[in-house]
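The values are calculated or read from the model by the stated rules, or taken from the named source; none is laboratory data. Everything numeric in this text was worked out from a predicted model, so none of it was measured. No Cβ is skipped: glycine too gets one built from the backbone with ideal geometry, and neighbour counts run over all protein chains shown. The protein model used for the area step is the full one, side chains on, heavy atoms only, and it has no ligands, DNA or RNA in it. Shrake-Rupley method; radii C 1.70, N 1.55, O 1.52, S 1.80 Å.
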Amino acid sequence: MTLPMSDDLIAEHNHAGAAALEDDYASLGRKLARSGIDIDAIKSRVAGFSVAVPSWGAGRGGTRFAKFPIAGEPTNIHEKLEDCAVINQLGRNTPRVSPHFPWDKVSDYKALREEAAELGLGWDAVNSNTFQDQLGQAHTYANGSLSAQDAATRQQAVDHNIECIEIGVQLGSKDLTVWVGDGTNFPGQQDFARSLDRYLDAAGQIHAALPDDWRMLLEHKMFEPAFYSTVISDWGSSILAAQELGPKAKCLVDLGHHAPNVNIEQIVARLHRFGKLGGFHFNDSKYGDDDLDSGSINPHQLFLVFNELIEAEQNPRDGFNPSYMIDQSHNVTDPIESMLSSAEAIAQCFAKASLVDRAALHHAQETNDTMMAFQALRRAYTIDVAPILAKARVEAGGAIDPIAVYRQSQYRARKAQERKAVGLGAGIV
Ligand code: RM4
Ligand code: MN
Ligand code: MN
């Protein structure tokens, strides 16, 4: 395996910070021991935790107004993989990449799978794209894709999703994530019931094409690009669709896709209750689908989501296997730094939620001791788990401070010499 960062650089950096980290870890270990928690057990849990990174997040994102590329950003899937390898090498908790098609299209997927493996990376959910038209495409998605009035357009969207499954099989993925931009901008533009009927029929054809061990993750979103209504607008529509489609259909929660102030952690609990929690797109949000860095706006909400996930893990009912992915748009930062910081924020919330004294929480709930129930969460949330994450990272070969090593490596400046410049413009990629 040839990884992009120098092991010597990482070792040198870790050596310089080793004594301080040991000190912090030991001190936190003593604090946790007083509450009967074994810090090494939490560290093992953290070491086993991972989240996938999106191939499209490796480049600078943009808004519909503008995109401001940086020198050395990746221009194709090969360069994106290299950047994802940097993230995983330094952070050690993002070993899989979630690709998006046709953005990441290549001619040889067997070779792409091997290329990723050489970089220490596997593949996560495959994402289809029927929210944009591609050059030379026969039918436009301007009036919808899986729910379009036009049968040939729907068929084209179904065929694309089936092609994504075929690609995913070659890459070794097990999930297809389907988010459609279908919806309306005007009252009366489409019939709510009939457009959902068309979606269900087309999605059913995709569901039928899934291999036995695959899942189809339905991603709801209440607005954008359609601003009056969307076909799969919320978790209610999503779970109804998933229930109608069949057992391989599950719901995916993108944290930015809800109405403001919606109780997302409760949605997580509900979806799990009915065996339909399929996965997450982590990001943070102030106003809508802002795709800001995870944990940058509302880390407490992220913690509460993980609190529900740990409850679900301990009460698996029909199974508990959600796939975790980052889905962010890095408009003003270096995407590598943003994803390192985000993966750490996500793992921190996982660690904090793992520290919750569940017996105390449940006892307080059962005895209607509201304050003590809340304190059980508060106690865990306020613990600084950074030393646990750093120690798990170092033991896996990563860096104590990933962003510091990344900056020291001058990786982006080197890539600016090698890679061709990205064009200006607007949009996601
Ligand atoms: C959407 C949604 C999808 C993502 C696209 C790029 O808002 O979050 O998951 O694939 O953006
Ligand atoms: Mn998403
Ligand atoms: Mn989104």
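Residues are listed down the side, and each one gets a yes or a no for (1) among the polar types (S, T, N, Q); (2) under 23 Å from Asp290 (Cα atoms):
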| position | (1), (2) |
| --- | --- |
| His100 | no, yes |
| Glu114 | no, no |
| Val126 | no, yes |
| Gln137 | yes, no |
| Tyr141 | no, no |
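Residue check: Leu32 meets all listed conditions (1) open to solvent by 10 Å² or more (accessible area, probe 1.4 Å); (2) within 24 Å of Asp401 (Cα to Cα) but one, namely (1).
Does region 316-334 include one or more residues that are over 25 Å from Ala47 (Cα atoms), free of Cβ contacts under 8 Å to residues at least 12 places away in the same chain and under 19 Å from the mean Cα position of the chain (by Cα)? No: zero hits.
Scanning region 258-295 for residues that are part of a strand (DSSP E or B), within 12 Å of ligand 2 (Cβ to nearest atom) and of a type outside the set (Gly, Ala, Ser) yields Phe280, His281, Phe282.
Residue-wise test of (1) hydrophobic (A, V, I, L, M, F, W, C); (2) touching a residue at least 40 places away in the same chain (Cβ under 8 Å).
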| residue | (1), (2) |
| --- | --- |
| Ala347 | yes, yes |
| Ala353 | yes, yes |
| Ala360 | yes, no |
| Gln365 | no, no |
| Ala373 | yes, no |
| Ala376 | yes, no |
| Ile383 | yes, yes |
| Ala392 | yes, yes |
| Asp401 | no, yes |
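When region 60-84 is filtered for residues that are surrounded by 24 or more Cβ atoms within 10 Å (Cβ to Cβ) and in contact with a Leu (Cβ under 9 Å, 6 or more places away or on another chain), only Cys84 remains. Could you list, in sequence order, the residues of region 181-203 that are assigned to a loop (DSSP other than H, G, I, E, B) and more than 16 Å from ligand 3 (Cβ to nearest atom)? Scanning region 181-203 gives Asn185, Phe186, Pro187, Gly188, Gln189, Gln190, Asp191.
When the residues of region 204-229 are narrowed to those that are open to solvent by less than 30 Å² (accessible area, probe 1.4 Å) and not in a loop (DSSP other than H, G, I, E, B), which ends up farthest from ligand 1 (Cβ to nearest atom)? Ranking the candidates gives Gly204 first.
Considering every residue within region 230-250, establish whether at least one is within 16 Å of ligand 1 (Cβ to nearest atom), open to solvent by 60 Å² or more (accessible area, probe 1.4 Å) and touching a helix residue (DSSP H, G or I) at 6+ places or on another chain (Cβ under 6 Å). Scanning region 230-250 turns up at least one residue that is within 16 Å of ligand 1 (Cβ to nearest atom), open to solvent by 60 Å² or more (accessible area, probe 1.4 Å) and touching a helix residue (DSSP H, G or I) at 6+ places or on another chain (Cβ under 6 Å).
Consider region 277-297 and keep the residues that are open to solvent by 10 Å² or more (accessible area, probe 1.4 Å) and of a type in the set (Ser, Thr, Tyr). The one that is farthest from ligand 1 (Cβ to nearest atom) is Ser296.
Contact map, region 208-220: residues that are among the small types (Gly, Ala, Ser) paired with residues that are open to solvent by less than 40 Å² (accessible area, probe 1.4 Å), Cβ distance under 9 Å, separation 6+ or inter-chain. Pairs shown: Ala208/Gly246; Ala209/Val158; Ala209/Asn161; Ala209/Ile165.
Among the residues of region 363-396, those that are assigned to a loop (DSSP other than H, G, I, E, B) and open to solvent by less than 30 Å² (accessible area, probe 1.4 Å) comprise Ile383, Val385.
For region 296-318, does any single residue satisfy the condition of being among the β-branched types (Val, Ile, Thr) and in a loop (DSSP other than H, G, I, E, B)? There is at least one residue in region 296-318 that is among the β-branched types (Val, Ile, Thr) and in a loop (DSSP other than H, G, I, E, B).
I want to confirm something. Restricting to region 251-276 and keeping residues that are of a type outside the set (D, E, K, R) and under 21 Å from Asn161 (Cα atoms), which single residue is nearest to ligand 1 (Cβ to nearest atom)? Applying the filter and picking the extreme gives Leu252. Do we find that Lys110 is touching a Ser or Thr at 6+ places or on another chain (Cβ under 6 Å) and open to solvent by 20 Å² or more (accessible area, probe 1.4 Å) in this structure? Answer is no for this residue. Considering Gln134, Gln89, Gln156, the condition of being at pLDDT 95 or above and open to solvent by 40 Å² or more (accessible area, probe 1.4 Å) is satisfied by Gln134 alone. What number of residues within region 156-180 are within 16 Å of ligand 3 (Cβ to nearest atom) and either among the aliphatic types (A, V, I, L, M) or not in a loop (DSSP other than H, G, I, E, B) (or both)? Going through region 156-180 one residue at a time, the tally reaches 3. When Ala58, Ala47 are screened for being closer than 29 Å to Ala11 by Cα and within 16 Å of ligand 1 (Cβ to nearest atom), only Ala58 passes. Does Phe101 count as within 16 Å of ligand 2 (Cβ to nearest atom) and open to solvent by 20 Å² or more (accessible area, probe 1.4 Å)? So Phe101 fails the test.
In this structure, Leu255 does not satisfy being open to solvent by 10 Å² or more (accessible area, probe 1.4 Å) and away from ligand 2 (no atom under 16 Å from the Cβ).
Figure legend. Inter-residue proximity from region 228-253: first residues within 12 Å of Trp179 (Cβ to Cβ), second residues among the small types (Gly, Ala, Ser) and within 14 Å of ligand 1 (Cβ to nearest atom), beta-carbon distance below 7 Å, spacing 6+ or different chains. Indicated pairs: Thr230/Gly183; Val231/Gly183; Ile232/Ser238; Cys251/Ser238; Cys251/Gly278; Leu252/Gly278; Leu252/Gly279. Candidates in region 161-183 are the residues that are of a type outside the set (A, V, I, L, M) and over 20 Å from Asp213 (Cα atoms); of these, the one that is surrounded by the fewest Cβ atoms within 10 Å (Cβ to Cβ) is Gly181.
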